[in-house]
Each structure stands twice: as structure tokens, then as C-alpha cells.
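What follows draws every value from the coordinates through simple rules; no lab data is involved. What you see is a predicted model, and the numbers here were worked out from it, not measured in a lab. Cβ atoms come from the backbone with ideal geometry, glycine included; neighbour counts cover every protein chain shown.
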Amino acid sequence: MKIGAHVSTSGGVQNAVNNAMAIEAECIQIFASSPRAWAFRPQDSGSVDKFLNEIGNIPVFLHGSYLINLGGDPELLQKSIKSLIDHMNAAYQLKAKGVIFHCGSHKGAGFKAIFDQAVNCLETVLDETPKETLLIIENSAGAGGQIGSQLTEIGQLISKVENPRLTVCIDTQHTIASGYDISKPETLQSFVDEFDREIGAHRLVAVHANDSKTDLGSGKDRHENIGQGYIGDNGFRNILNQELFKEIPFILEVPGVEGNGPDLANINRLKNIREELSITE
């Protein structure tokens, strides 16, 4: 299991490497363009070359735009498709594993009502992007009709699309917020069993490791530093010790001790738990 974080690319994607080294990240997630704008800014070729020369064997993931919505109206859906294609092409350029993205919201219409258009969107993106690059659905926290807060919804999309490149990222905070208590051994095992049944264990390719400011089933996307929220150190000890997660990259998206995002202190806290578990084994 590699433990890393989302890191900044401010000033050029090549700067992500130094930012990763500063916090001793073993894997990273980056934005290829502004996550809050539809306009996509292509990567500078010189910056890409520097990034590729310096990143080494550290696994890289891209995070898609926050504006993407598979449950939107036709105009929004087309923008979402274009955005995902742009990000998938950027991921290929940067030799990243793939693009992690939120599915958006059905806005009260219900999952069944937007199912077909969501499937068509995913199929279009996969058909028009490099075959080496994964399209990675992230589970949602559950508020506002969000798509994919329940494993069965993600499983239905994957089953219908039938493409091995359509995979999953589990966000630990979103999982708690959507009602799955993965902090305790018994309920964690129930979650793992449901994941394997509805989606398939082989589809899990990344974990967003975040503690939760809010309680179980809150529906709120509120990340907390490792060990300081609902999950706590014991919860992460259970998670890291679960067979499903043992070979999966863990990417922190926490506020940070000083509020500047993922930092060395949070990464070390998770690494220390990993070390404890390896000693006991």
C-alpha cells in the first residue's frame, strides 16, 4: 500500500514532484486544469517533459472537474463529456493511471431517470480516449440527489457499460457520510462484501483517505485530518488492515494541520498505522 496525497501543480505540473517530495508522498493526485471551470487549459509540453523526467515510479492520478454531472440537462451533459475526454487525454499525456471524478446529481429526478444518459456518457468517454487510461468513479457523500453514494448505483453503471477501464475510487469520508460505517470491523466487512458483490473487488484502484468532520449518514462532504474525526486512528487501523485495501494507493485530501492541505504530519500518521500493522503481522 502506497500512501500519498493530492498535491498542487501551481506554476506548472512539474512542481507537483517537489510538492510530493516535501511531504514524502508515495503516490499523488493532481488537477490537470482548474476544477471549477469548464475551459480546459492544455499542459505545456516543457512542463510535461520535466514532470515525466522527475516523477519516477510514483503512481499518478488526475482528478476531474467538480462541474461534471452525468445527471444534467443535454448541454451540461455535453460539457461533462468534453471535460472528461480532455482530462483523460491529459492523464495519458502525463502517464497517469486515470481520472477520478464525481458523477454529479440527478437533482431529485431519481437514479433510474438519468441512468441511460449516464451510461451513454461513460461509454462515449471510454470510446474516445486512450485505451491505457482508466475512468474512475468516486463514491459520493450522498447529499442533494448525488449519484453514486450507494454501491449498488456504481455497480449498475459499471455492469451496464461493461468496460474494464471503468473503475472505482472509494473516499473514506464520503463512505461514512453516505451511511457505511467503515470505522468498525464488522460493518467494514459488510461494506467490503457489498463492494465485491455489487462492483467487484478488482475494480477498486484508489482510495481517498480522509477522516470525517461529520457523523455517520450525515450526507455532508466534510473532510478532517487523519485521526481527528469520526473514523479516528482505530478506524483507519481497521481500514488499512482490510484485505481489499492492502495493495491500493491511499491519497489524502485532508485540510492539513495548518489548513494548507495534505501535509507530512497527516501522511506520517497514516504511515505509522501502516507500520504498526506490518509489525503485528
*If you place +1 on the Cβ of every Lys and Arg and -1 on the Cβ of every Asp and Glu, how big does the dipole about the Cα centre of the chain come out, in debye to the nearest 20?*
420 debye
*Once every DSSP H run of n ≥ 4 in the chain is given -39500 (n - 2.57) and the sum is divided by its residues, what mean residue ellipticity at 222 nm do you get, rounded to the nearest 500 deg cm²/dmol?*
-12500 deg cm²/dmol
*What list of ³J(HN,Hα) values in whole Hz, one per residue of region 180-189 in order, does the Karplus curve 6.51 cos²θ - 1.76 cosθ + 1.60 (θ = phi - 60°) give from phi, with Gly and Pro shown as x?*
9, 8, 8, 7, 10, x, 5, 6, 5, 5
*Which distance in Å, rounded to a whole number, links the C-alpha centroids of region 17-51 and region 228-281?*
23 Å
*Report Rg (one decimal) and Dmax (nearest whole number) for region 128-201, counting Cα atoms only, units Å.*
12.8, 42
_Relative contact order of region 183-281, please, whole-number percent, based on alpha carbon pairs below 8 angstrom and at least 6 residues apart._
28 percent
*Let me have the relative contact order for the chain, percent, based on Cα pairs under 8 Å that are six or more residues apart.*
17 percent
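Using Cβ counts within 10 Å as a stand-in for footprinting exposure, how do L252, L62 rank, fewest first?
Details: L252 29, L62 24.
In increasing order of surrounding Cβ atoms, one gets L62, L252.
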*How long, wide and thick is region 3-280, going by the Cα atoms along their three principal axes, in whole angstroms, largest first?*
50, 45, 31
*Using a Gaussian network for the chain with springs between C-alpha atoms less than 10 Å apart, which of these wobbles most: V207, V257, V125?*
V257
*Could you put H202, H106 in order, starting from the residue whose Cβ has the fewest other Cβ atoms within 10 Å?*
H202, H106
*Sorting M88, M1, M21 on the 10 Å Cβ count, fewest up front, what's the list?*
M21, M1, M88
*Assuming R0 = 30 Å, can you tell me the calculated FRET efficiency for the pair R41 and K107, based on Cβ-Cβ distance, to the nearest 0.05?*
0.55
*When the chain is treated as a GNM, springs tying every alpha-carbon pair under 10 Å, which of K107, K213, K97 comes out with the largest mean-square fluctuation?*
K107
*Give the calculated FRET efficiency between S10 and K79 to the nearest 0.05, with a Förster radius of 25 Å applied to their Cβ-Cβ distance.*
0.50
